[in-house]
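Asks: I'd like to ask some things about the structure below.
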Amino acid sequence: MYKYDEIDQQIVDERVIQYRDQTRRYLAGELSEDEFRPLRLQNGLYIQRQAPMLRIAVPYGMLSSKQLRKLGDISKKYDKGYGHFSTRQNLQLNWPKLEDVPEILADLATVEMHAIQTSGNCIRNITTDQFVGVAPDEVIDPRAIAEIMRQWSTFHPEFALLPRKFKIAVSGTKHDRALVQAHDIGLEFYRDSNNQVAIKVWVGGGLGRTPILGTVIREHLEWQHALTYCEAVIRVYNLHGRRDNIYKARIKILVKALGIDEFRKQVDAEWAHLKDTDNTITEAELARVAQHFDAMPYENVPAHDASFDAAVASNPAFAAWVKRCVHPHKQAGYRAVTLSLKPHGQAPGDITSEQMWAVADLADEYSFGELRSSHEQNLILADVKLSDLFALWEKARANGLASPNIGLLTDIICCPGGDFCSLANAKSIPIATAIQMQFDNLDYLHDIGEMELNISGCMNACGHHHVGHIGILGVDKDGSEWYQVTIGGKQGNDASIGTVIGPSFSADEMPSVVQKLIEVYLQERTPEERFIDTVRRLGVAPFKAHVYAKDEVAA
Amino acid sequence: MSNLIKLNNGVASLVEDDWTLVQLPATQVEERKQAGKVVLFKLTGEATVTDAQIADTVIPATGKIILPLSVFIARNNEFKDRIAQGEIGVWLATHEVLENLTQQQADLNALPIIAVFVERFADGRIFSLGNLLRTRFGFKNELRAFGDVLRDQLYFLKRSGFTSYLVRADRSAQEAIASLNDFTKPYQGAVDEPRPVFKRYNRGA
């Protein structure tokens, strides 16, 4: 993965100094609450219900074992001994003290980490597929460009104070796993007819209050122009985005208002001036950064391993884990492994300091000392030998990291919700844990099969509920917490926004609502259908009818 | 004590302001709401200046003055001589459209100063305006930021082509100077240093 040189290190070190002074001025009363807010937000610090929340950047989800170990130390020293992986692949601390944040940043800087632009109205952490670099369906490894974009977006002076947050995702696979259509800008890398690296550019996607999938603004962009083209897009947005209304301030609203053709025209007019200027990426720079993402020094091992096959055959628990948590790999004899942060009955994405240290050790022992976080809020060891899987599983299991539920109903994406977040209308974690307990039977879970259930505690949609096969949104009705249910949302190349099935439910009703949705699916499915396929084939009506049937659900 | 910071060959210092800022007469502005919240930012291109305000703007008869863009355009004939003498600068607010200025005044460099008024700290349009004035319209003279100008914008303003900064009156401009240099080696090319870091340094193979 990318290693800092003196220039990178100096920037994060100077950031620590800058933020330390901003905090000092705030505490000394030289900055008002309103004046400090944008400064602390651009450093990932929210003021939450019980305590501040600090969001630490994990650029495009890549972590070293050394970094994760340090995150474990920081969670222990400055927090309550745990952290939370978010849907932007970042790590959040729920209980740091505002006065301690400069020290936390100083600790982070020792392992080439920071919290720069993890919140606020600026370009946020750039995200990608958690299997980047190892996925068999990958055409282009976009990490080098992602890192170049990370550097370019860091303290970009023109885009320091945008109308609203700005999220970029990059993807280089046949099957999109980075939600490029749900981002302000999505960059889809591919090889063009001349076998050159090119980018299909999506713009104006986003979830939140007004979920919209992005539109293609440019079918073919040469990679050299990634920065200048984004500058043109963001300049048009910076000048013309709706600053008068926070709910209409995202780029998606501007694109919709102007129409994609007019928006494209304005972007092209800007780009005519920006194209080929100094921020054009050079071959040399791409090569310099790309070498940090060279393939791991894989051993030449056979594609099959007898001991692995024997363990799968003789150990059903191991076989279940392999089925859900082990993923194909470009390299023969290797696999990627998801360590589930979704044990039933616990907050999705939460991880203790002890678990962080344990995962760091596993990464060192089995996966070249690196790991990734996913937007589904799990951790991935990307390069594990087949012959090591059984030993890895035993150790992961001993640390509560081997729930065989990846991609199943209980692998719930969930925001922190009303337990922590001051924006939330309703709690989300207790809903997730109640559903997990309702579906605690593994055989039943596996029979239900692939399912994405996403929960957000408010319409800001941090839990990506719109693109969940089942989406749950916390809403406020006269001061009490209710839950609106959508079905038919999906991420990927054929992404879709879910449809609301009807009036919302109380928290108590939610496990049985999900149960009823599943009952309709199990009754109606064809042998090859996943839940989402059945919903797409039948539409919402039969699900709605069963969920709201009078004799079955009390009013 | 002046609160005006000026960059001279990259060196910042506090200087006396030798320009007089001409303001539009105040009007009754109705508070507007969107989604239940008071609107804090004007939309780009939104008409905010009335003909009466333009007509009633008092112009000092002598000295170096910075005129509101709307007055500069509507009453341009009054200023022809003074423009030639280098006594006229122009200011615009972040919601105003730059092309209105360039259509009126093809040679921007006849203006010794252009100033941009930022009503609120969080209004980042000022950075794009600075960038466009420098890179698109070739403006070479003093470019000033005023209004809700606080220490933590200065680094970005400098990088966006601004060369003077009138820090809000209730804050220390002397202390703010330090933040012009919050970062030593910026990553991306911008107005003050067009080359990105990978074109300025050999960062290894």
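Asks: Which cross-chain or sequence-distant (5 or more) residues have an amide H under 5 Å from the amide H of residue B:87, H modelled 1.01 Å from N in plane?
Replies: Under 5 Å from the amide H of residue B:87: no residue qualifies.
Asks: For segment A:413-548, evaluate the Debye formula with one uniform point scatterer on each Cα (no solvent term) and list log10 I(q)/I(0) at q = 0.11, 0.18, 0.19, 0.21 Å⁻¹, rounded to two decimals.
Replies: -0.35, -0.96, -1.07, -1.30
Asks: For chain B, set up a GNM with springs between Cα atoms under 10 Å and report which of B:61, B:169, B:74 has the largest fluctuation.
Replies: B:61
Asks: Let me ask something else. For segment B:183-198, in order, what is each residue's ³J(HN,Hα) by Karplus, 6.51 cos²θ - 1.76 cosθ + 1.60 with θ = phi - 60°, in whole Hz (x at glycine and Pro)?
Replies: 10, 7, 10, x, 6, 9, x, 8, 5, 6, 9, x, 7, x, 4, 6
Asks: Let me spell out the model: positive unit charges on the Cβ of Lys and Arg, negative unit charges on the Cβ of Asp and Glu, origin at the Cα centre of segment A:306-398. What dipole size does that give, in debye rounded to 20? Write out the running numbers ahead of the final one.
Replies: On the way: 9 positive and 11 negative charges, 78 e Å.
Using Cβ point charges on Lys, Arg, Asp and Glu, segment A:306-398 gives about 380 debye.
Asks: How large is the charge dipole for segment A:143-292, taken about the Cα centre, if only the Cβ atoms of Lys, Arg (+1) and Asp, Glu (-1) carry charge, to the nearest 20 debye?
Replies: 820
Asks: Turning to a different aspect of this structure: Suppose R0 equals 60 Å; then what is the FRET efficiency for residue B:168 and residue A:524 from their Cβ-Cβ distance, rounded to the nearest 0.05? Don't skip to the end; give the middle numbers.
Replies: Numbers: r = 65 Å, r/R0 = 1.08.
With a Förster radius of 60 Å, E is 0.40.
Asks: Whole-Hz Karplus ³J(HN,Hα) for segment A:174-191, in order, using 6.51 cos²θ - 1.76 cosθ + 1.60 and θ = phi - 60°, x for Gly and Pro?
Replies: 5, 9, 5, 10, 10, 6, 4, 7, 10, 10, 4, 10, x, 10, 9, 7, 8, 9
Asks: Right, something else. Which one, A:45, A:27, A:94, projects farthest toward the positive side of the charge dipole computed for segment A:6-109 from Cβ point charges (K/R +1, D/E -1)?
Replies: A:94
Asks: Looking at the square roots a ≥ b ≥ c of the eigenvalues of the Cα gyration tensor of chain A, which shape do they give, rounded for a/c under 1.5, prolate if a/b is larger than b/c, or oblate?
Replies: Working: a/c = 1.29, a/b = 1.15, b/c = 1.12.
Here chain A falls in the rounded category.
Asks: So for the protein assembly as shown, taking the charge dipole from beta-carbon charges (+1 Lys/Arg, -1 Asp/Glu), which of B:153, A:539, A:297 sits furthest toward the positive end?
Replies: Towards the positive end, the residue furthest out is B:153.
Asks: Next question. Can you tell me how segment A:474-555 classifies by the Cα gyration tensor, rounded, prolate or oblate, using a/c under 1.5 as the rounded cut?
Replies: Numbers: a/c = 2.52, a/b = 1.42, b/c = 1.77.
Oblate shape, in that a/c is at least 1.5 and b/c is the bigger or equal ratio.
Asks: How large is ³J(HN,Hα) for each residue in segment A:535-541, as worked out from phi by the Karplus curve 6.51 cos²θ - 1.76 cosθ + 1.60 (θ = phi - 60°), to whole Hz, x for Gly and Pro?
Replies: 4, 5, 6, 9, x, 6, 3
Asks: Let me ask something else. Once Lys and Arg get +1 and Asp and Glu get -1 on their Cβ, which of B:20, A:68, A:495 lies farthest toward the positive end of the dipole of the protein assembly as shown?
Replies: B:20
Asks: So which of A:76/A:385; A:256/A:342; A:77/A:427 end up more than 30 Å apart, counting from Cα to Cα? Can you show the working numbers first?
Replies: On the way: A:76/A:385 32 Å; A:256/A:342 37 Å; A:77/A:427 27 Å.
In this structure, A:76/A:385; A:256/A:342 lie more than 30 Å apart at Cα.
Asks: Could you pull out the trypsin sites (Lys or Arg not before Pro) across segment B:1-73 that fall in loop regions by DSSP (anything but H, G, I, E, B) with no more than 15 other Cβ atoms inside 10 Å? Show your work: numbers first, answer last.
Replies: Values: sites: B:6, B:32, B:33, B:37, B:42, B:64; in loops: B:32, B:42, B:64.
Counting only loop positions with at most 15 other Cβ atoms within 10 Å, the trypsin sites (Lys or Arg not before Pro) in segment B:1-73 are B:32.
Asks: Using the basic label-point model (7 angstrom from Cα toward the beta carbon), what is the residue A:265 to residue A:106 distance in nanometres?
Replies: Inter-label distance under the simple model: 5.6 nm.
Asks: Pairs of alpha-carbon atoms within less than 8 angstrom and 6+ residues apart define the contacts here; what relative contact order does chain A have, in percent?
Replies: For chain A, the relative contact order is 12 percent.
Asks: While we're here: For chain A, give me every cysteine whose Cβ has no other Cys Cβ within less than 4.7 Å, ordered by residue number.
Replies: A:122, A:230, A:325, A:414, A:421, A:458
Asks: Here's a follow-up. At q = 0.08, 0.09, 0.15, 0.19 Å⁻¹, what log₁₀ I(q)/I(0) does a Debye calculation on the Cα points of chain B give, no solvent, two decimals?
Replies: For the requested q values the scattering log ratios are -0.30, -0.37, -1.00, -1.47.
Asks: Let me ask you something else. Test of understanding: what is the full-extension gain from residue A:515 to residue A:545, defined as 0.36 nm times their sequence separation minus their Cα-Cα distance?
Replies: On the way: separation 30, 0.36 × 30 = 10.80 nm, distance 1.37 nm.
Full extension of this stretch gives 9.4 nm more.
Asks: Next up: Taking H as built 1.01 Å from N, whose amide H comes closer than 5 Å to the amide H of residue A:334, not counting residues under 5 places away?
Replies: A:386
Asks: Now for a different question. Between residue A:9 and residue B:136, what FRET efficiency comes out of the Förster formula 1/(1 + (r/R0)^6) with R0 = 41 Å and r the beta carbon distance, rounded to 0.05? Don't skip to the end; give the middle numbers.
Replies: On the way: r = 35 Å, r/R0 = 0.85.
Result of the calculation: an efficiency of 0.75.
Asks: How many nm separate the modelled label positions at residue A:194 and residue A:313, each set 7 Å beyond the Cα in the direction of the Cβ?
Replies: 5.4
Asks: Taking H placed 1.01 Å from N in the peptide plane, check which residues at least 5 places from residue B:113 or on another chain put their amide H under 5 Å from its amide H.
Replies: Result for residue B:113 returns B:90.
Asks: About the Cα centre of chain A, how large is the charge dipole given +1 on each Lys and Arg Cβ and -1 on each Asp and Glu Cβ? Please answer in debye to the nearest 20.
Replies: That gives a dipole near 1180 debye.
Asks: Cross-link list A:323/A:490; A:200/A:275; A:265/B:199; A:252/A:330; A:165/A:200: which exceed 24 angstrom alpha carbon to alpha carbon? It would help to have the intermediate numbers written out before the result.
Replies: Numbers: A:323/A:490 22 Å; A:200/A:275 17 Å; A:265/B:199 30 Å; A:252/A:330 36 Å; A:165/A:200 22 Å.
The answer is A:265/B:199; A:252/A:330.
Asks: Over all alpha-carbon pairs of segment A:143-292, lay out the pair-distance distribution in 10 Å bins, whole %, shortest bin first.
Replies: Taking every Cα pair in segment A:143-292, the percentages come to 11, 43, 36, 9, 1.
Rule-based calculations on the coordinates, nothing more; no lab input. As the structure is a prediction and not an experimental result, all values here were calculated from the model. All Cβ positions, glycine included, derive from the backbone under ideal geometry; neighbour counts span all protein chains shown.
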